[in-house]
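Data block below; observations after.
The values are calculated or read from the model by the stated rules, or taken from the named source; none is laboratory data. All of these numbers come straight from a predicted model, not from anything done at the bench. In this analysis, Cβ positions are derived from the backbone assuming ideal geometry, glycine residues included, and neighbour counts consider all displayed protein chains.
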Amino acid sequence: MKKVTFTKRPAKGGAVQVHGTVVSLHNGLLLVSTGIPSLDSVLGGGVPLGSVFLLEEDVHTRFSTLLTKYFLAEGVTSGHGLYVASANANPDVLLNALPKPTSMSSTRSSQQKNDNDMKIAFMYKDLPKNQSSLSGVSRYGHYYDISCNMDKSEVEKCDLKSLHLTDEISYGEGKNDMFRYTLKHLKQCINNSRYEMKQKNSGDQQLNVLRVVLPHFASPLWCGDKPDNIHNIVRFLHCLRAVARNSMIACLVTIPTHLYHENEVAMIRQLVDTSIELEAFVGEKNPVFKQYHGLLKIHKLPRLNSLVNFVPDSFDLAFELKRTKFIIEYMHLPPDISETASRQGMDETNDKLHPRSACGGVSLNKKLDF
Amino acid sequence: MLEKLLSGEETSRLVLICDDQFTNGSTLLRAFARSLIKRGCQLHLFCFEQHPTNFVNHLNLHNDSNVHVHDFYSDPIGWNDGDGCLLGSRLFDINSKVNQEQAGGSNTAVVIDSLSITLQTCESTSVCQQLHKLSHNQRVIQTVMLHHTHLHVDDVTKRLSHISDSVLKLNLTSSLPKITFSKKSVHDGTICVTVHRKLNGKVFLSEEKVEILSDSSVEACPWQQDPLSAQTGGISLNEEPDVTSEANLTFNLNLSVREKKERSKLVMPYIKASEEEKVEIHRSTGGGGKIFYEPDDVDDFDDEDPDEDLEF
């Protein structure tokens with residue numbers, strides 16, 4: 001009798017196995033996590049390798065700095081290499097303040113407890129709960145606790161490269177060449193290293209991912225004296241994308257686009273692969289937004305090797321920052337229990353005098369007696 | 001928030017005061033300068049728009065030794081001095097000027113009377129770079145700058161706000177269009193809208209009505225725009241007459257004045273009990289005290305921060 005055994009087929013020849021990455025379900029690209037499982041779901045699994053991810057900063061840069069830290073922390077947890085080029089402050093300041101990964105075991109045990117508690121509706125125990133928050137089902141996303149910093153020893157285990165663009169560098173070669181210097185430095189780091197995709201896999205060096213982060217890129221500190229900064233920025237992004245396509249890197253660039261005009265921003269968005277914008281609430285009084293810290297707007301999603309990109313269920317997204325999670329949710333309208341919900345046949349003067357809810361306590365001309 | 005910034009309770013490396021043609025920010029700038037000197041800083045004053053002696057006299061200081069004046073008002077283009085360089089580039093040495101005067105290890109603070117002339121002669125991005133470097137100078141604890149928003153395009157103001165930690169925008173209370181400048185409306189006062197970004201990234205917004213007294217001390221109280229007056233310009237609407245007229249009733253629903261007085265004199269039984277409790281509570285907590293809480297690992301923390309006072 002023939003035994004039917006289900007054996008795992010060996011991976012197709014030439015498939016690249018890199019830790020910390022996952023193959024996309026939509027288009028077969030290798031993806032890396034952003035460090036925020038909700039954001040990974042919105043992007044279709046993560047950031048594709050070899051692409052440029054633009055994060056348009058919120059006005060006070062609070063959340064964009066946080067997202068940069070999550071991205072770097074995910075790199076440390078996955079064992080990737082890190083590259084940070086900053087003109088604002090020393091990159092070490094950013095690298096010393098990465099959030100600590102929370103252990104997943106505590107959340108799992110509480111879930112199991114909840115399952116056991118269903119004594120009456122036990123038949124529904126195994127059905128998935130309806131969640132509006134996009135929880136990361138992918139195993140490669142991690143949660144981070146922002147109130148504690150990651151151990152320095154963990155960070156130092158990774159291959160760290162940083163570039164602090166100070167006056168010495170920029171004044172030496174001319175202001176415009178801050179961009180050129182950064183590009184040259186990046187290429188030097190990638191050449192002949194494990195981050196380069198070679199034609200023949202020599203097998204000596206294990207391929208790894210390099211996470212390139214450019215925080216506060218194109219802020220006034222990057223720009224030179226001449227007013228045509230946008231051309232330099234555009235040229236830089238074009239070259240960066242070319243470098244990215246040929247290597248195992250995932251770039252995160254944050255730009256304060258609120259400082260630029262619309263057509264300049266459109267040019268910038270044209271040259272990146274993914275673009276999302278954060279709009280943080282400061283002193284927001286709208287009750288719909290009460291529980292959220294801001295809105296997330298998607299301007300462009302990656303489409304590297306296909307005709308159609310991944311489209312999330314909805315584009316109305318809002319985010320909320322908790323100590324251990326950064327949650328992105330679909331916004332839905334709350335139930336309408338406003339005082340001015342009008343009904344047919346109502347007297348207009350009655351509206352002003354008797355504020356009432358839509359569902360009860362209405363004084364109609366005809367009295368309904370129950 | 002404004003008082004906290006003035007007293008130094010809230011640290012802010014770069015403070016930007018924005019005024020326009022209707023408000024005057026130099027009084028607030030002087031208030032900042034005065035409080036910085038009171039805190040024992042060596043003050044570097046860069047004067048572009050007022051004569052330095054004028055500025056210093058208004059500070060009402062007993063002792064002038066802590067103030068180093070860099071006078072760019074008297075000889076703007078350097079005709080007398082001879083170097084004849086453009087005014088704006090003089091500010092570029094701001095860092096070196098601050099560093100060279102530094103004798104001891106005391107704190108330094110920088111007050112710039114106005115950025116307008118510098119911004120008109122140089123690119124705003126270069127000015128931003130210089131100011132950013134100044135704010136990151138280890139010895140300088142605070143830099144306060146005055147900016148006239150009506151003299152520059154919005155882009156420039158946005159860039160300066162981007163590099164600053166605190167932005168104080170001065171507005172007038174009444175939002176009516178100013179047709180005549182001679183008439184001063186009763187409701188006119190100055191409001192300061194403060195947007196302060198703390199070191200951990202959190203942003204606070206506050207609107208306060210500001211009054212600056214003659215000795216450069218500041219009084220600020222929280223202010224909320226009255227929605228009615230905002231729409232109608234301060235004219236209050238008459239209240240609508242009560243539709244349910246009580247003239248047709250045979251009994252009296254209201255209390256007379258005497259009856260109201262007697263009602264207020266009446267003591268409810270629950271009031272006595274709560275007052276006793278209050279006295280007890282006051283007795284038990286003697287003087288005030290701070291609680292220093294060191295959380296354990298096992299402590300169950302709430303993930304959210306609704307009051308915005310936790311440090312993350």
Could you go through the stretch A:255-273 and let me know if any residue there is closer than 17 Å to A:SER38 by Cβ and more than 14 Å from chain B (Cβ to nearest Cβ). no
Of all residues making up the stretch B:135-149, the number that are surrounded by 24 or more Cβ atoms within 10 Å (Cβ to Cβ) and hydroxyl-bearing (Ser, Thr, Tyr): 1
Give the stretch A:213-232 a look and list any residue that's modelled with pLDDT of 90 or more and either touching a Gly at 6+ places or on another chain (Cβ under 9 Å) or surrounded by fewer than 22 Cβ atoms within 10 Å (Cβ to Cβ) (or both), or say none. A:VAL213
Looking at (1) of a type in the set (A, V, I, L, M, F, W, C); (2) under 20 Å from the mean Cα position of the chain (by Cα); (3) over 21 Å from B:ILE163 (Cα atoms), which one does B:LEU16 not meet, given that it meets all the others? (3)
Residue set A:PHE289, A:PHE319; condition crowded, with 17+ Cβ neighbours inside 10 Å, within 25 Å of A:VAL42 (Cβ to Cβ) and not aliphatic (A, V, I, L, M); output residue A:PHE319
Would you check if there is a residue in the stretch B:126-134 being within 11 Å of chain A (Cβ to nearest Cβ), in contact (Cβ under 8 Å) with a residue 40 or more places away in the chain and hydrophobic (A, V, I, L, M, F, W, C)? yes
Run A:VAL212 past the list (1) under 18 Å from the mean Cα position of the chain (by Cα); (2) part of a loop (DSSP other than H, G, I, E, B); (3) of a type outside the set (Gly, Ala, Ser) and report the number of the one that doesn't hold. (2)
Can you spot a residue in the stretch B:74-83 that is modelled with pLDDT of 80 or more and either over 24 Å from the mean Cα position of the chain (by Cα) or within 14 Å of another protein chain (Cβ to nearest Cβ) (or both)? yes
Considering only residues that are modelled with pLDDT of 70 or more and farther than 23 Å from A:LEU296 by Cα, look in the stretch A:123-146 and name the one that is nearest to the other protein chains (Cβ to nearest Cβ). A:TYR124
Are any residues in the stretch B:247-298 of a type in the set (A, V, I, L, M), at pLDDT 70 or above and surrounded by fewer than 10 Cβ atoms within 10 Å (Cβ to Cβ), and if so, which ones? B:LEU249, B:LEU253, B:VAL257, B:LEU266, B:VAL267, B:MET268, B:ILE291
Which residues, counting only those in the stretch A:155-168, are surrounded by 15 or more Cβ atoms within 10 Å (Cβ to Cβ) and modelled with pLDDT under 85? A:LEU165
Could you check how many residues of the stretch A:40-74 are more than 14 Å from chain B (Cβ to nearest Cβ) and touching a Ser or Thr at 6+ places or on another chain (Cβ under 9 Å)? 17
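Does the stretch A:290-305 contain at least one residue that is within 19 Å of A:LEU67 (Cβ to Cβ) and assigned to a helix (DSSP H, G or I)?
No, the conditions are met nowhere in the stretch A:290-305.
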Restricting to the stretch A:226-279, name every residue that is closer than 18 Å to A:LYS300 by Cα, of a type in the set (A, V, I, L, M) and assigned to a helix (DSSP H, G or I). A:VAL234, A:LEU237, A:LEU240, A:ALA244, A:VAL265, A:ALA266, A:MET267, A:ILE268
Failed criterion for A:LEU278 (all others in (1) more than 14 Å from chain B (Cβ to nearest Cβ); (2) modelled with pLDDT of 90 or more hold): (1)
State whether the residues of the stretch B:222-231 include one that is closer than 30 Å to B:HIS196 by Cα, among the aromatic types (Phe, Trp, Tyr) and either modelled with pLDDT of 80 or more or surrounded by 10 or more Cβ atoms within 10 Å (Cβ to Cβ) (or both). yes
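So that you can scan it fast, the table gives a plain yes or no per residue for (1) within 11 Å of another protein chain (Cβ to nearest Cβ); (2) within 15 Å of B:LEU28 (Cα to Cα); (3) in contact (Cβ under 8 Å) with a residue 60 or more places away in the chain:
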{"position": "B:CYS122", "(1), (2), (3)": "yes, no, no"}
{"position": "B:HIS136", "(1), (2), (3)": "yes, no, yes"}
{"position": "B:ASP154", "(1), (2), (3)": "yes, no, no"}
{"position": "B:LYS169", "(1), (2), (3)": "no, yes, yes"}
